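Heads up: the structure comes next, in structure tokens.
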Amino acid sequence: MAQTFAFRWHRIALTAVAMAALAACGDSDDDHKPGPSASANAAQACAQLAGKTIAGATVTAAATVAANGPQPLFCKVNATIAPKLNLELRLPDRWNGKLYYGGGGGYNGSIPGIDVPTNLTALKQGYATVNSDSGHSGNVLSADFALDDPHAAALFGHQSVPTVMSSARQMLQTAYGKAPERSYFEGCSNGGREALMAAQRNPDLFDGIIARAPAYNWVGFMGAFNRNAKALAAPGGMVNAAKINLLAKAVRDACDAQDGIADGVVSNPQSCSFDPAVLRCSGGTDAGDACLSDAQLAAVQSWTSPAVWANGAYSNAGWALSGNEDDPGAWSAWLTGNGNVNMALQFLFQDTTVKNYLARDRSQNSLAYTWDSNVAALANLSNLNDATNTDLRPLKNSNAKLILWHGTNDAALSFKATNAYYEGMVAAVGGQASADEFVRYYLAPGVNHCAGGPGADQTDLLAALDSWVTKGDAPGTLTATKENNGATAFSRPLCRYPQYPRYTGPANDAAAAAQASNYTCTAP
């Protein structure tokens, strides 16, 4: 398909050159310099952009990068939009005529590179790809940029994506003589928030959007991080590795087989009604690793229960107990910090948020800070970073498509919050039939934040989105795989929400259990 597309535009380009030659007798030599062509290769595209300022983006470097393993030959273009919004545009050797914008993560501060799997996949498929640092340089865990730089805060919050898109489209016009015929955005975590922000505030910007594990409810998630950190930091509240293992195993024992097979993944978490109180130590005091004290149960309660602030203005849905809390990428990384709450990723994110957005004082102890003590500061944070508007009718009216995705073992951002967003969106756009015209939502059982975990975490959502946009092929059940050293270890159906993959194959057959064809998407 890419070759056909390139050939068609090559033929048009040759025809245009021939016509120009007949009409150009007596013109200056400058009129005969080669111009951009949609069939330009990577080196030719680079040459068209080198040293130029295009739509406010000043190109600081443009050079071809040799093929290396799975990475194809491409032209890497770095540019800056004043004062300090940096972007990287990658142009494949054979362009498919489409643009792929990859989102960032955390508080951004750097440009995601070609080593990011979704960027590499898109480039290999012939997309021009673009990423940015969202307007500042810094640590992904730090919001220091927001304290004294309102412009940087606004760029991070909601302005960098449309700003970069304006430049990127014109850069492609300059490189190839044509704008992209389709433009897609894909992001996870903060990139998922950026995806929903674009869907809500710039509904005409993209033809299709993929929002994975979206951190759309910034005030709510950060507030929950703050509450969880306080519960773990309370006297006796820390849950050590042995107790995490105890809790995870108890959940699996209670709920794993409910999906038709005991495979270490609770694929139907909506129907898991495990009560952690059954693990309570006698008398509530810590009696060792075979039980949970009242303080530790309070930490679990903080994790699983909804939270509300400012008289209901802001909320968080809470996390489900997945049965895989003991995965290295789950509680130990995000919640407990391997026994030091100050090293947990949830603590670090809420801490920098308190210091730079809410208290606006880097000496503030975030564990002593009351989350809704300054309602005006919460409102400002929400206005900048929240993407909570569920009315996506403008996106639907633009004929764009949206795919939502979330892993059920995500210890960073709760899939229950994405459930709530999806359900609110369905209501806001007029019901399920209306939503089905432009939105799909998938839950990935046992998958960690964005990837990893014991579940099947790999799915080519971009191919599904492109087929929907260009051919009208609305995606149904997809296939997810777990890769191990480049080989597929097992596959599962990726079911449309609220369905889950239920094992319907032969009993006690490990080979059958590894095949997606032996599972059926089933309503909970």
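The values are calculated or read from the model by the stated rules, or taken from the named source; none is laboratory data. Because the structure is a prediction, the values reported are computed rather than measured. Every residue, glycine among them, receives a Cβ derived from its backbone with ideal geometry; neighbour counts consider all protein chains shown. Areas reflect the complete protein model, heavy atoms only, side chains present, ligands, DNA and RNA absent. Shrake-Rupley method; radii C 1.70, N 1.55, O 1.52, S 1.80 Å.
Brief remarks on what is shown
- Taken over the stretch 303-325, the criterion of being touching a Leu at 6+ places or on another chain (Cβ under 8 Å) and not β-branched (Val, Ile, Thr) is satisfied by TRP303, TRP309, ALA310, ALA313, TYR314, LEU321, GLU325.
- Within the stretch 404-451, the only residue that satisfies the criterion of being small (Gly, Ala, Ser), open to solvent by 10 Å² or more (accessible area, probe 1.4 Å) and closer than 12 Å to CYS188 by Cβ is ALA451.
- Of all residues in the stretch 489-510, those satisfying the criterion of being farther than 23 Å from GLN270 by Cα and open to solvent by 70 Å² or more (accessible area, probe 1.4 Å) are ALA507, ASN508, ALA510.
- Selection from the stretch 164-182 of residues that are out of contact with any Gly (no Cβ under 8 Å at 6 or more places or on another chain) and not aromatic (Phe, Trp, Tyr): VAL164, MET165, ALA168, ARG169, GLN170, MET171, LEU172, GLN173, THR174, ALA175, ALA179
- Some residue of the stretch 93-104 being touching a Cys at 6+ places or on another chain (Cβ under 6 Å), in a strand (DSSP E or B) and buried (at least 20 other Cβ atoms within 10 Å of the Cβ): no
Yes/no per residue for (1) surrounded by fewer than 23 Cβ atoms within 10 Å (Cβ to Cβ); (2) over 20 Å from PRO235 (Cα atoms); (3) assigned by the TED database to the domain that holds GLY236:
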{"site": "ILE261", "(1), (2), (3)": "yes, yes, yes"}
{"site": "SER273", "(1), (2), (3)": "yes, yes, yes"}
{"site": "LEU279", "(1), (2), (3)": "yes, no, yes"}
{"site": "ASN311", "(1), (2), (3)": "yes, yes, yes"}
{"site": "SER322", "(1), (2), (3)": "no, yes, yes"}
{"site": "THR336", "(1), (2), (3)": "no, no, yes"}
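- Residue within the stretch 289-299 that is touching a residue at least 12 places away in the same chain (Cβ under 8 Å), surrounded by 20 or more Cβ atoms within 10 Å (Cβ to Cβ) and not in a helix (DSSP H, G or I) present: yes
- Selection status of VAL447, assigned to a helix (DSSP H, G or I), of a type in the set (Val, Ile, Thr) and either in contact with a strand residue (DSSP E or B) (Cβ under 7 Å, 6 or more places away or on another chain) or modelled with pLDDT under 95 (or both): no
- From the list PRO203, PRO269, the one residue that fits, being buried (at least 17 other Cβ atoms within 10 Å of the Cβ), modelled with pLDDT under 95 and within 26 Å of the chain's Cα centre (by Cα), is PRO269.
- Considering residues of the stretch 110-166 that are out of contact with any strand residue (DSSP E or B) (no Cβ under 7 Å at 6 or more places or on another chain), among the charged types (D, E, K, R) and within 27 Å of GLN364 (Cβ to Cβ) only, the residue most open to solvent (accessible area, probe 1.4 Å): ASP148
- Residue count, the stretch 244-253 (criterion: closer than 21 Å to ALA298 by Cα and surrounded by fewer than 18 Cβ atoms within 10 Å (Cβ to Cβ)): 2
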